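The values are calculated or read from the model by the stated rules, or taken from the named source; none is laboratory data. A quick note: this is a predicted structure, and the numbers were derived from the prediction, not measured. Cβ sites come from the backbone with ideal geometry, for glycine too, and all protein chains shown count toward neighbours. The accessibility values were calculated without ligands, DNA or RNA, using every heavy atom of the protein model including side chains. Shrake-Rupley method; radii C 1.70, N 1.55, O 1.52, S 1.80 Å.
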Amino acid sequence: MSDHVFDHLLLPAAALLRRLDSEVLCEVAGCPIHQAEALLAGNLVEPDGDTFRLRAELVAPTLAQLRSEQPSAEIALHTAAFRYYLSKLLADAGQRRVVVEDECCYHLDQLFLLLGGQYEWQTILDYTLALRAARPQQRRHRQRVQAYEGYIATRTDDFLRGEALLTDLLAQPIEEPATRIKALKGLADSAYTRSRYDTALELYQQLYDVALATGDLAYQGLALLNQGLVHHELERYDEALRYCTQSLPYFEAPGEERRLAAALYHAGLYSMYLGRWDDAWTFNARTEQLFKQLGLDSQLGFIYWQQGYLNHIFGNETASEEAYLRALPLAESPQHGQPSLAKDVWLYRGLLAHTQEQWSTALQHYERALALATQQDRQHQTCMIHYRRGQAYDRQRRGDEALAAYLTAIASIESLSSKTVGEDVRIGLLGTTQQLYESTVLLYLERGQIEEAFHYAERARSRAFLDSLEHKSPHLALTLDQPVTTVHELQQHLPESTLIVEYFTAGVLPRHQHLINSIPAGNTRLRSAVTLSPQVVVFTISRDHFGVHRLKLNPNTLRPQLGDTHPGRHLLNGRIPNHLYDTLIAPIEGLIDRSATVYIIPHGPLHYVPFTALSNAAGKYLIRRHGPAVAQAPSATVLLRHCLNRAPSQAATTLCIGYNDLGGDRPLHFAEAEARYVARLMDGTAWTDAEPKRERLFQSGKQARLIHIAGHAYYTPHDPLGSALLLGSGDLLSARDIIDGLDLDAATVTLSSCTSGVTGVVPGDELLGLQRALLYAGATSIVCTRWEAVDLVAPLVMDRFYAGLRQGASPAVALRDAQVEVRELAAYDLMALFEQWRAANNELAGAIGDPATILASLQAEQHLGQSQPQPLFAHALLWAPYIVVGRA
């Protein structure tokens, strides 16, 4: 090919056009007629019906050279082609109208891609409206026009109109998959922009499925990339980077350079939020180079914003401000401006001034960011900007203004959460604002308003449980009208001699890779601006008492190692139980000792504390003979409304499920015998052996007042809602299954299973695991285990526990007495119990085996003589894993 032909854009025009004749070549390339005719007469083209087309092997290299040497020319050529075919439509194309419509729409598609990458939505809209005015006759083209109008409306903040157009379009039988794809993308983007993250994830998944079915690689990649954007907003940066990385191969084809650049930019962004600085800088440099190569100068604002924040993180505050100032004109450009980027630049300039304690400047920048976020209907980010404003006021001791900003932010995030149906997304959404609640509670405490501090400590505990329960059980709506219980309401309804001990933690750092953890140690100013001082507060409430104590404990020290499948067991080592008793219990010991029932409500890392195993140096346990019955609850609101004030169960039967899993890696010896034993003891029914039981439980679980499940439980740290009970061979019942489909009216559910009480403590203080799922399903009290129970201890505790229930004791009292008895059990006590079981021809005694052999083994393990009366199970690891959650 000659440079002369290329210089006149004749060959590039031929590469972009799908149908070649001399007229269209002259119009699009702007060349004389003789040059067009010479091209058509040469060997660079081949016949295509009544027209010509450029030889296939020339198209890709020609376009690659054009994009490299004259990137803006591609838009000009498609624009000329679109206008040419549009003029033909307006002049009445006659018999060729179908072909002309096809070509007009094809070039509009290309302009949508190219101009959309530069945010020139008004230009695309002008072209779309011009095509609509030409009255396309083919239905598929009219649908395409509607898709563009709806999509552009959502990108220009006309969300309601855009969503209405796209929803209406998707309700039609759409003729072209590409049109359905654009409609789904527009709706998903609108949901994402408006912080409806669960809807966005669902729509992006639909987009991926349609693109996969039609072989559209580009939109498969976009669906993945955009799911990463949603996870980024929920501060799930690992997930965001995973989706982004998965999208990259989809953009390696020629012509996808703009989308590749966008994906590389976001890979750098997520790497930054994960504290992977080298990766962030590398991705940033690659993206900047690609933007410049593609002539996308308007996109460089994103690069400069990211450079501003990276410099801020490393304490290079002058360089940070300079980068932000480079980004701002691009973000606010009348022609190519991007309001979302402008919002971020003003917000992070505000954080920079905040770090420098330039309070007036910080507040001015926050106000600019707030105005843009409000204009864009970015409710989630509006909340976070209010929080930053509150912090700036708080640091200046302007308490009234700080409080007003915090409360505005809380009202906004709770309103947004109540509109979110998805369980995981709602929890993630609240988790992103946990510092907001912490700051509000601490400010109220500083002001001496402790009832208000308690109120917001309750609100800090994720609303996901109660909101989800309301969606599932509308008949509970009346009891859920008041979102959070008050101190006065609790005192009115608490039984006599009942004490609520509600802990609240602040300043808990993320455990995973996170920007906050990776801020260089020397940048104390930024670290101070984005973190709170670690501390623990405890509220105590009874019918005639309300108090608050600040405890000397850093909650970050209580967290288990990442991936620990028995979180909390590490706190039983050495003198840790004594230290935790002195720190968490001793300051309120007098209140506890005067109470018959104590409800402990942990928060944050305190969920891992084995409270029932704590004792002082003198050997005084929280769980002791004639001491208080102890239970735990997710929050005072859940405890009062869902447990204490709930109508008594109308069910009457006892259902016991057991499975030994003899073919598994860790076969159990007593689970099935235990289930049958409890069934006989409580006049119930036992389901045992390897048969599936999950569906039977779904069908008949509501008729059971007591449910006992003995067998394996699996806790999955990376997916707590995937934690599951093994009911039979391959018959898993996960926490997610329980939430989705199980309906109970049970007074007590007992999980005599390893780790059945382990929960994942995620941001927002929401507990994800089997115990929470069963509360959701309708159980009032749950007995479960915090870590793996020793095989022999389980039937011993359960025997004593159910003996107490038969005598009329409450679950917490029965469990307290059972644990104390097993803790104090000596050799002769164990032998006597074996004899009682054997005399009753009890199956459990047969399953356990020869008592003398078992006793000799236990004594050898603990170095006890045959005649010594020392307890066999005194260590808390053996008797303390059992807890009651819910009503005591």
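FRET efficiency for Glu175 and Arg395, Cβ-Cβ distance as r, R0 = 41 Å, nearest 0.05?
On the way: r = 59 Å, r/R0 = 1.45.
Using R0 = 41 Å, I get an efficiency of 0.10.
Taking the dipole about the Cα centre of the chain, with the C-beta of Lys and Arg at +1 and of Asp and Glu at -1, give me whichever of Pro254, Ala392, Gln561 is farthest to the positive side.
Projecting each Cα onto the dipole axis, the largest value belongs to Ala392.
Over the range 555-677, with every protein chain in place, what whole percent of the accessible area is carbon and sulfur at 1.4 Å, could you tell me?
51 percent
For the range 289-341, which semi-axes, largest first and in whole Å, follow from the square roots of 5 times the eigenvalues of its Cα gyration tensor?
In descending order, the three semi-axes are 21, 13, 7 Å.
Averaged per residue, what accessible surface does the range 548-631 expose to a 1.4 Å probe, in Å²?
Ligands and nucleic acids excluded, the figure is 41 Å² per residue.
Of the options Gln118, Val487, Ile707, report the single residue whose Cα projects farthest towards the positive end of the charge dipole of the chain (beta-carbon charges: Lys, Arg +1; Asp, Glu -1).
Farthest towards the positive end: Val487.
Work out from phi, with θ = phi - 60° and the Karplus expression 6.51 cos²θ - 1.76 cosθ + 1.60, the ³J(HN,Hα) of each residue of the range 779-786, listed in order in whole Hz, and give x for Gly and Pro.
So the Karplus estimates, Gly and Pro as x, are 6, 8, 10, 10, 9, 8, 10, 7 Hz.
Evaluate the charge dipole of the chain about its Cα centre and quote only its size in Debye, nearest 20, assuming +1 on the Cβ of each Lys and Arg and -1 on the Cβ of each Asp and Glu. Before the final figure, lay out the partial values.
Numbers: 78 positive and 99 negative charges, 353 e Å.
Charge dipole of the chain: 1700 debye, to the nearest 20.
How much accessible area per residue does the range 172-214 have, counting only protein heavy atoms and a probe of 1.4 Å, in square angstrom?
Numbers: 1570 Å² over 43 residues.
The answer is 37 Å² per residue.
For Ser781, what residues show an amide H to amide H distance below 5 Å, using hydrogens built from the backbone and excluding near sequence neighbours?
Amide H neighbours of Ser781: Thr748, Val749, Arg887.
Remind me, what semi-axes does the range 511-669 give for its equivalent ellipsoid, largest first in whole Å, using sqrt of 5 times each Cα gyration tensor eigenvalue?
32, 26, 19
What's the FRET efficiency of Ala60 with Glu202 using the Cβ-Cβ distance as r and R₀ = 45 Å, to the nearest 0.05?
For R0 = 45 Å, the calculated efficiency reads 0.75.
Roughly what would the spin-label model give for Arg624 and Ala404, points 7 Å off Cα along C-beta, in nm?
Those two pseudo-labels are separated by 5.3 nm.
Alpha carbon centre of the range 209-252 versus the range 356-388: separation in Å?
Centre-to-centre (Cα) distance: 29 Å.
Apply the Karplus parameterisation 6.51 cos²θ - 1.76 cosθ + 1.60, with θ equal to phi minus 60°, to every residue of the range 490-496 and state each ³J(HN,Hα) to the nearest whole Hz, in sequence, with x for glycine and proline.
4, 5, 5, 10, 5, x, 4
Which ³J(HN,Hα) values in Hz, rounded to whole numbers, follow from the phi angles of the range 528-545 under the Karplus curve 6.51 cos²θ - 1.76 cosθ + 1.60, where θ = phi - 60° and Gly and Pro get x?
With coefficients 6.51, -1.76 and 1.60, one gets 5, 6, 10, 10, 10, 5, x, 6, 10, 10, 10, 9, 10, 9, 9, 5, 10, 8 Hz.
Quick one: angle between helix 197-214 and the longest Cα principal axis of the chain, in degrees between 0 and 90, rounded to 10, please.
Once rounded, one gets 60 degrees.
Relative to the first principal axis of the alpha-carbon coordinates of the chain, what is the inclination of helix 399-418, with its axis defined by its Cα atoms, in degrees from 0 to 90 and to the nearest 10?
80 degrees
Please compute the contact order of the range 148-215 in relative form: average sequence separation of alpha-carbon pairs under 8 Å and at least six residues apart, divided by the residue count, as a percent.
For the range 148-215, the relative contact order is 28 percent.
Pull up the DSSP beta bridges for the chain and report the antiparallel fraction as a percent, rounded to 5.
Given both bridge residues lie in the chain, the antiparallel proportion sits at roughly 55 percent.
Checking the a/c ratio against 1.5 first, then a/b against b/c, what shape does the Cα gyration tensor give for the range 633-688?
oblate
Past the 19 angstrom mark, what percentage of all C-alpha to C-alpha distances in the range 1-155 do you count?
Value for the range 1-155 (Cα pairs over 19 Å): 54 percent.
Nearest 10 degrees is fine. How inclined is helix 300-313 to the longest principal axis of the chain, computing both from alpha carbons?
The two axes meet at around 40 degrees.
Give the peptides 499-509, 822-832 in descending order of average Cβ contacts within 10 Å, highest first.
Highest-to-lowest ranking by the protection proxy: 499-509, 822-832.
Just to be sure I follow: if Rg is taken over the C-alpha atoms of the range 34-92 and Rh is the Kirkwood radius over the same atoms, what is Rg/Rh? Mind showing how you got there, number by number?
Working: Rg = 13.8 Å, Rh = 13.4 Å.
Rg/Rh for the range 34-92 comes to 1.03.
Using 0.36 nm times the number of residues separating Asp102 and Tyr828, minus their current alpha carbon distance, what extension gain do you get?
Stretched out fully, the Asp102 to Tyr828 stretch lengthens by 252.1 nm.
Taking the Cα-to-Cβ direction at Thr653 and at Arg575 and moving 7 Å from each Cα, how far apart do the two end points lie in nm?
5.5 nm
Taking only protein heavy atoms into account and a 1.4 Å probe, give the accessible area per residue of the range 230-359 in Å².
37 Å²
Classify the range 272-415 as rounded, prolate or oblate, taking a ≥ b ≥ c as the square roots of the eigenvalues of its Cα gyration tensor: rounded when a/c is under 1.5, otherwise prolate if a/b is larger than b/c and oblate if not. Don't jump to the answer; show the numbers that get you there.
Working: a/c = 2.10, a/b = 1.62, b/c = 1.29.
Prolate shape, in that a/c is at least 1.5 and a/b is the bigger ratio.
Taking the dipole about the Cα centre of the chain, with the C-beta of Lys and Arg at +1 and of Asp and Glu at -1, give me whichever of Thr374, Ala832, Gln35 is farthest to the positive side.
Final value for the positive-end residue is Ala832.
Throw me the Rg/Rh for the range 52-132, computed over C-alpha atoms with Kirkwood Rh, two decimals.
Result for the range 52-132 is an Rg/Rh of 1.01.
Considering only C-alpha atoms, what is the centroid distance from the range 539-615 to the range 141-155, in Å?
With the range 539-615 and the range 141-155 each reduced to a Cα centre, they are spaced 58 Å.
Sorted from largest down, what three extents in whole angstroms do the Cα atoms of the chain have along their principal axes?
Dimensions of the chain along the principal axes of its Cα atoms: 115, 63, 51 Å.
In what sequence, highest mean first, do 186-194, 159-167, 76-84 appear when ranked by Cβ atoms within 10 angstrom?
186-194, 76-84, 159-167
For the peptides 664-677, 595-608, 314-327, what is the packing order when you average, over each peptide's residues, the other Cβ atoms within 10 Å and list the highest mean first?
595-608, 664-677, 314-327
Carbon and sulfur: what percent of the range 176-215's accessible surface (1.4 Å probe)?
Carbon with sulfur: 53 percent of the solvent-accessible area.
Could you work out [θ]222 nm for the chain from helices alone, using -39500 (n - 2.57) per DSSP H run of at least four and dividing by all its residues? Round to the nearest 500 deg cm²/dmol.
Theoretical 222 nm ellipticity from helices: -17000 deg cm²/dmol.
Whenever you get a sec, compute what percent of the accessible area on the range 270-324 sits on carbon and sulfur atoms (1.4 Å probe). Mind dumping the intermediate values first?
Values: 890 of 1970 Å².
Here carbon and sulfur together make up 45 percent of the probe-accessible area.
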